[in-house]
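Here's the structure we're looking at; comments come further down.
Read-outs: derived from the displayed coordinates by stated rules, not from any lab. Computed from a predicted structure; not experimentally measured. We place every Cβ from the backbone using ideal geometry, glycine too, and count neighbours over all the protein chains shown.
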Amino acid sequence: MLQLVTVSGANGSGTTMLSHYLAEHCGFNSIETYTTRSRLPHGASLREFVCVSNQEFERRRIEGEFLLTTSTYGTSYGVLRRSIGKAFIRQDGPSFINIPFEWVDEIAVFAGYTAPRLMASIYLLSPKQQVLQGRLRERGDSFEKIKERIRQSILGDQRAQSPRDLHIEFLSNDGTPEELFAKTRIVLDLPKS
């Protein structure tokens, strides 16, 4: 039985939108990510993030509470070890977590690779360049920031598609949200809404 879905992808690929869909329309539980960010990322909600001070984050890291941590642009992110463990034993439905792709393999290792049926991973490929530019412009990103994020998106897609032991479902999001949701329901074998 499916217990955990990891959602990852490049900036502007639709990971936040897909995460909201899994929670609101499919009954998935959200696993929180801790962050030192003072403002939530574009489109994110408080059910996905716990904002903490740098000192609190560092204390939790030193005490070994985090399974995974990363820092991007001066902001730290982490997911609690106990939250991932709990996802595999929950009785109230599957969970999802929107994470950097680099964490997917580490979560599978933590789960002991025992769970091809318990864990699924979705990677949203970067949309076509003009679609991505439009989405990033809507966020208010500068031209230079958009250029850098597009470069990072291309590199991220290449890394994600490199050979690995874990099966990843690659989905494109160049169409409507409804098309992405339909593809997601198919790959996760969820009933039609």
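Kirkwood Rh over Cα pairs of region 82-193 into Stokes-Einstein at 37 °C, 0.692 mPa s: D in µm²/s? Walk me through the intermediate numbers first.
Details: Rh = 16.0 Å.
So the translational diffusion coefficient is about 205 µm²/s.
Using a Cα-Cα cut-off of under 18 Å, which lysines could be cross-linked to Lys147, ignoring same-chain neighbours fewer than 8 residues away?
Within the straight-line limit of under 18 Å, Lys147 reaches these lysines: Lys128.
Normalised radius of gyration for the chain, please: alpha carbon Rg relative to 2.2 N^0.38 Å, two decimal places.
The reported ratio for this selection is 1.00.
Mean residue ellipticity at 222 nm from the helices of the chain, using -39,500 (n - 2.57) per DSSP H segment of n ≥ 4 over the full residue count, to the nearest 500 deg cm²/dmol?
Counting only the DSSP helices, I get -12000 deg cm²/dmol.
Kindly provide the Kirkwood hydrodynamic radius of region 58-123 in Å, to one decimal, from all pairs of distinct alpha carbon atoms.
By the Kirkwood definition, the hydrodynamic radius is 12.9 Å.
Where the only charges are on Cβ atoms (+1 Lys, Arg; -1 Asp, Glu), what is the dipole of the chain about its Cα centre, to the nearest 20 debye?
Around 180 debye, computed over the chain.
Which shape class applies to region 146-193: rounded if a/c is under 1.5, otherwise prolate when a/b exceeds b/c and oblate if not, where a ≥ b ≥ c are the square roots of the Cα gyration tensor eigenvalues?
Because a/c hits 1.5 or more and a/b fails to exceed b/c, region 146-193 counts as oblate.
Would you pull out the residues with amide H under 5 Å of Arg37's amide H, same chain only if 5 or more places away, H placed 1.01 Å from N?
Val52, Ser76
Suppose a student asked you for the relative contact order of the chain, using Cα pairs under 8 Å spaced at least 6 residues apart; what percent would you report?
Relative contact order, the chain: 31 percent.
Output the relative contact order of region 68-177, whole-number percent, from Cα pairs under 8 angstrom with separation of 6+ residues.
29 percent.
By average Cβ neighbour count within 10 Å, what is the ranking of 62-71, 176-185, 137-146, 25-34 from highest down?
Result, highest mean Cβ count within 10 Å first: 25-34, 176-185, 62-71, 137-146.
Could you calculate the FRET efficiency of Asp174 with Thr75 from 1/(1 + (r/R0)^6), where r is the beta carbon distance between them and R0 is 41 Å, rounded to 0.05?
0.90
Cross-link candidates for Lys192: which lysines have Cα within less than 25 Å, leaving aside residues fewer than 8 places away along the same chain?
Lys183
So for region 1-112, what percent of the C-alpha to C-alpha distances run longer than 24 Å?
20
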